[in-house]
Amino acid sequence: MTTTTTTSLLETSLLRCYSSSSFKFKWKFDSLAKTRLFSPANSNNYDVRSLRAWRIRCVSDDPGSRLVFVSSRRKMVVLLSTAQLLSHLLPSNGKAADIYPLMQNEIRKVVTKGKAAGVLRLVFHDAGTFELDDNSGGINGSIAYELERPENTGLKKSLKVLGKAKINVDAIQPVSWADMISVAGSEAVSICGGPTIPVVLGRLDSMQPDPEGKMPPETLNASGLKECFKRKGFSIQELVALSGAHTLGSKGFGDPTAFDNAYYKILLTKPWKSTSKMTSMVGLPSDHALVEDDECLRWVKRYAEDQDKFFKDFTNAYIKLVNSGAKWKML
Ligand code: HEM
């Protein structure tokens, strides 16, 4: 095989194209070979000429593979660029279109209504470490290395639940923890009667924990919460919409397994001010803070009146949350 620097570069390019290719076929670089090319000598006859040409074997899943001859480096580069562009546009390994329903299916086998709250909380605790200024943290599966942190108490169980689903998905096509957690949170919302939130796939996992001390403590007042969420790229409206996740779980916002706008309706009645021991336990200080601040209160009232608006804004904020600081697979 004739090898030149250009050959090696093109070979590398081909290999990269191959390794992340979305095509149902694979490119196999053969050689810069002396190849017999057929070219029309006149209207009826063909000349057989010996030329140096790039020869690529196109290995298909379909029976019979074809040889493609490219007679110049320029054509070779055009061919490769087109192949790479197409591989960006098509789903990874031609299977992404199938992998999403598979993930949903496996997640729904393990995430019951009762486990949905923990799974949704897991999303916030993986993604919520994101900081805009230095682009650190974010959704990257690093929660697996952070389970001993006090703010993550109880999340080990939820991660373990998802682990069962992940094993079955990985057996067909490996997916990242970051993708798994993002899709699981969306499914958790949907299982409990909330909106259907589409999640794009392709996040990469981190192999180390994110910096500590980035999650908002429950004792924050409204200005602390607004400041904290702003550092993560979220507006006041998004802070209020995302906090609506607390409609799930046992903090007293109606049915613990129903994703609805009861959180906002109940916040407006300020039950924690009551002398009754039961109702005084409703919500966290960070929930109470939202109705003590005019900018937040405006959105609390809006979502209490209009569940559809809450669902729409929660959907958008959730999509932003699961893209926070994400690193994506690239060619
Ligand atoms: C605004 C700042 C937030 C703070 C300070 C906060 C803090 C907390 C705390 C301390 C708990 C445990 C409550 C308990 O059981 O005693 C909790 C539960 C929960 N959090 Fe948050 N959270 C915040 C925002 C979010 C966001 C943005 C999400 C998701 C989008 C979320 C999802 C949940 C869920 C679903 C639960 C219930 C978990 C369960 O019952 O198993 N939280 N949160």
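Here is how the numbers come out for the structure above:
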| item | result |
| --- | --- |
| Of the criteria (1) more than 10 Å from the ligand (Cβ to nearest atom); (2) closer than 30 Å to ASP133 by Cβ; (3) part of a helix (DSSP H, G or I), which one GLU292 fails | (3) |
| Of all residues in the stretch 214-233 being within 16 Å of ARG298 (Cβ to Cβ) and within 11 Å of the ligand (Cβ to nearest atom), the one that is nearest to the chain's Cα centre (by Cα) | PHE229 |
| Residue list for the stretch 265-289, filter: free of Cβ contacts under 8 Å to residues at least 40 places away in the same chain and in a helix (DSSP H, G or I) | LYS265, ILE266, LEU267, LEU268, THR269, PRO271, TRP272, LYS273, THR279, SER280, MET281, HIS288 |
| Residue within the stretch 295-306 that is within 12 Å of the ligand (Cβ to nearest atom), among the acidic types (Asp, Glu) and either buried (at least 21 other Cβ atoms within 10 Å of the Cβ) or farther than 19 Å from ARG121 by Cβ (or both) present | no |
| Test result for ALA83, in a helix (DSSP H, G or I), modelled with pLDDT under 95, of a type in the set (Gly, Ala, Ser) and within 29 Å of LYS312 (Cβ to Cβ) | no |
| The stretch 250-261, residues that are near the ligand (Cβ under 8 Å from one of its atoms) and either surrounded by fewer than 16 Cβ atoms within 10 Å (Cβ to Cβ) or outside any loop (DSSP other than H, G, I, E, B) (or both) | SER250 |
| The stretch 197-234, residues that are surrounded by 15 or more Cβ atoms within 10 Å (Cβ to Cβ), of a type in the set (Gly, Ala, Ser) and without any contact (Cβ under 8 Å) to a residue 60 or more places away in the chain | none |
| Residue pairs meeting the criteria (Cβ under 6 Å; at least 6 apart or on separate chains; first in the same structural domain as ALA241 (by TED's automatic domain parsing), in the stretch 112-135; second near the ligand (Cβ under 8 Å from one of its atoms) and of a type outside the set (A, V, I, L, M, F, W, C)) | none |
| The stretch 133-151 - residue that is more than 18 Å from the chain's Cα centre (by Cα) and more than 16 Å from the ligand (Cβ to nearest atom) and, of those, surrounded by the most Cβ atoms within 10 Å (Cβ to Cβ) | TYR145 |
| Of all residues in the stretch 235-249 being in contact (Cβ under 8 Å) with a residue 24 or more places away in the chain and of a type outside the set (A, V, I, L, M, F, W, C), the one that is nearest to the ligand (Cβ to nearest atom) | GLY249 |
| Cβ pairs under 8 Å, 6+ apart, first in the stretch 171-196 and within 15 Å of the ligand (Cβ to nearest atom), second acidic (Asp, Glu) | ILE181/ASP126; GLY193/ASP260; GLY194/ASP260 |
| Residues that are of a type in the set (A, V, I, L, M) and within 26 Å of LEU201 (Cα to Cα), drawn from the stretch 293-324 | ALA317, ILE319, LEU321, VAL322 |
| Residue check for GLY154: loosely packed, with under 13 Cβ neighbours inside 10 Å and closer than 24 Å to VAL111 by Cα | yes |
| Looking only at the stretch 262-284, and only at residues there that are within 11 Å of the ligand (Cβ to nearest atom) and in contact with a His (Cβ under 9 Å, 6 or more places away or on another chain), the one that is farthest from SER223 (Cα to Cα) | TYR263 |
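The values are calculated or read from the model by the stated rules, or taken from the named source; none is laboratory data. Just so it is clear, the structure is predicted and the values come from calculations on it, not from any experiment. Virtual Cβ from ideal backbone geometry, glycine too; neighbours counted across all protein chains shown.
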